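As structure tokens, the structure follows; a few thoughts come after it.
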Amino acid sequence: MPAIAIAGGGLGGLTLARVLHTRGIAATVYELDATPVARDQGGTLDLHEESGLRALAEAGLLAEFRACAREEGEALRILDRHGVVRFEETAEASGGTRPEIDRSALKRILVESLPGGAIRWGAKVTAVSPGRLTLGTGEVVEADLVVGADGAWSKVRPLLSDAVPVYSGLSFVEARLSDVDGRFAALVGSGSMFALDARKGLIAQRTGGGRIRVYAAVETEDPGAIAELADREQLLDAFADFAPRLRSLIADHDGALVARPIHALPVGHRWARVPGVTLLGDAAHVMSPFAGEGANLAMLDAAELALALADHDDVESALSAYEAAMFPRAEAAARESADNLEACFAPGAPAAMVEQMTRLAAGN
């Protein structure tokens, strides 16, 4: 049985370890964070039937997921900058195919599904070579297969590709609101809300526990410039032409604002086969969040890689089969993501997104 080392304990790396475990294949995850809750795990995710939910089915964790999922989170509202609702879809109308779950809850489910010792917490990967990981302690880990599940700035990727993520021209400033059921329930609804204008917008998502995450999206040429907007008054000035009730999503935030420049690998990123190394998730195909595919693809990558390893007699045949299916799938999603980013903030916004969602709601 091959020794498998997974760099990165995000949703993709954990899903890979879990599906391998269900097939009787051991793997070890090496994760920088000291504990599963060492840092904020992010907001909410909608898992798709054909990807994230399929991966959870292969992992044998659908029941645990359903116990934590929020089907009401599928609701969607699109507003203009004046706060006028231009499109609305209820959770019931969306068909129940993309239930929401807090990222922290999904990570907990995956962590708890793995045997003791499968995850090495506080194990910083400082160097990678084929068949070898070097940790921050100086420990060297030998493996027959090294999987880079270590995100956009992967340390494993350079073994396969010279590509690096490129700034998309869009940045988020993240804010959080708590105890929101009375103050913002009518504005945001039970799921997600987009208030869009040309070159900027406010995106709000309900999460568990009566909380909301707000992402103020701004187009800037320099990703470093967004740090200046991680200030309440500066950000309010940037959205001075938005309706007061929309601006209150910024004005009433709790805690610090966090700048998040959006980067993406080139659409169609792929590599030639290198023995004993592969990538999944953002390490392979980081893209903007405007197709809602990041976590879903990472989990599907993980499940398909695990199944390929279980179904093939040798690692290289498994990797070839996995990559042959993953490359075109990721390319299609990355193109959709890039196109959606443009549509969301094009002149006349939110018209393009409203048209697209109306067409999808009609089944076209």
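The values are calculated or read from the model by the stated rules, or taken from the named source; none is laboratory data. Since this is a predicted model, take the numbers as computed values, not measurements. Virtual Cβ from ideal backbone geometry, glycine too; neighbours counted across all protein chains shown. Ligands, DNA and RNA are stripped out before the accessible areas are found, and what is left, the full protein with its side chains, is counted by its heavy atoms. Shrake-Rupley method; radii C 1.70, N 1.55, O 1.52, S 1.80 Å.
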Near-label residues of the range 230-260 by backbone N, under 13 Å of a point 7 Å along Cα→Cβ of TYR167: 260
Peptide ranges 236-248, 63-75 listed from the most packed, as the mean C-beta count within 10 angstrom indicates: 63-75, 236-248
Positive-end residue of GLY12, GLY43, ALA63, charge dipole of the range 1-104 with Cβ unit charges: GLY12
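Keeping every protein chain present and rolling a 1.4 Å probe, give me the accessible area per residue for the chain in Å². Working shown, then result.
Working: 15030 Å² over 364 residues.
That works out to 41 Å² for each residue.
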Which of SER113, GLY151, VAL85, positive extreme of dipole for the chain (C-beta unit charges): SER113
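Loop only per DSSP, at most 13 neighbouring Cβ atoms within 10 Å: give me the GluC sites (Glu not before Pro) in the range 129-185, ordered by residue number. Spell out each step's value before the answer.
On the way: sites: GLU139, GLU142, GLU174; in loops: GLU139.
Within the range 129-185, the qualifying GluC sites (Glu not before Pro) (loop, at most 13 other Cβ atoms within 10 Å) are GLU139.
How high is the FRET efficiency between ALA3 and ASP40 when r is their beta carbon distance and R₀ equals 41 Å, given to the nearest 0.05?
Values: r = 33 Å, r/R0 = 0.79.
Once the sixth-power term is evaluated, E becomes 0.80.
Determine the dipole magnitude for the range 213-364: charges of +1 sit on the beta-carbon of Lys and Arg, -1 on that of Asp and Glu, nothing else is charged, the reference point is the Cα centre, and the result goes in debye to the nearest 20.
The calculated dipole for the range 213-364 is roughly 320 debye.
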Eligible lysines near LYS155 by straight Cα distance, threshold 20 Å, same-chain separation 8 or greater: LYS124
Pairs of alpha carbons in the range 69-194 whose separation is greater than 21 Å (percent): 64 percent
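So what's the convex hull volume per residue for the Cα atoms of the range 1-154, in Å³? Don't skip to the end; give the middle numbers.
Numbers: hull volume 21.3 nm³, N = 154.
Spread over its residues, the Cα hull of the range 1-154 gives 138 Å³ apiece.
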Dipole magnitude of the chain about its Cα centre (Cβ charges: Lys, Arg +1; Asp, Glu -1), debye to nearest 20: 400 debye
For peptides 153-159, 79-85, sequence by mean Cβ density within 10 Å, most packed first: 153-159, 79-85
Potential lengthening between ALA186 and ALA93 on full extension [0.36 nm per residue; Cα-Cα distance subtracted]: 31.6 nm
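Cα gyration tensor of the range 263-364, axes a ≥ b ≥ c as square roots of the eigenvalues: rounded (a/c below 1.5), prolate (a/b > b/c) or oblate?
On the way: a/c = 3.53, a/b = 2.30, b/c = 1.53.
Note, shape of the range 263-364 comes out prolate.
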Dipole in debye (nearest 20) - the range 133-265, about Cα centre, beta carbon charges: Lys, Arg +1; Asp, Glu -1: 520 debye
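Name the GluC sites (Glu not before Pro) in the range 180-277 that are in a loop by DSSP and that have at most 14 other C-beta atoms within 10 Å, would you?
Numbers: sites: GLU219, GLU221, GLU228, GLU233; in loops: GLU221.
When the GluC sites (Glu not before Pro) of the range 180-277 are filtered for loop state and at most 14 Cβ neighbours within 10 Å, GLU221 remain.
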Correct option for Cα Rg over 2.2 N^0.38 Å [calculated from the coordinates] among (1) 0.95; (2) 0.99; (3) 1.17: (2)
Positive dipole terminus of the range 293-347, leading residue within ALA306, ALA332, CYS344 (C-beta point charges): CYS344
Surface share of carbon and sulfur [accessible, 1.4 angstrom probe, percent] for the chain: 51 percent
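Can you give the FRET efficiency to the nearest 0.05 for ALA67 and ASP222, using r as the Cβ-Cβ distance and R₀ = 56 Å?
Details: r = 44 Å, r/R0 = 0.79.
Calculated value: 0.80.
Go ahead and estimate [θ] at 222 nm for the chain from helices alone: -39,500 (n - 2.57) per DSSP H run with n ≥ 4, summed, over the residue count, rounded to 500.
On the way: 11 runs with 119 residues, N = 364.
About -10000 deg cm²/dmol.
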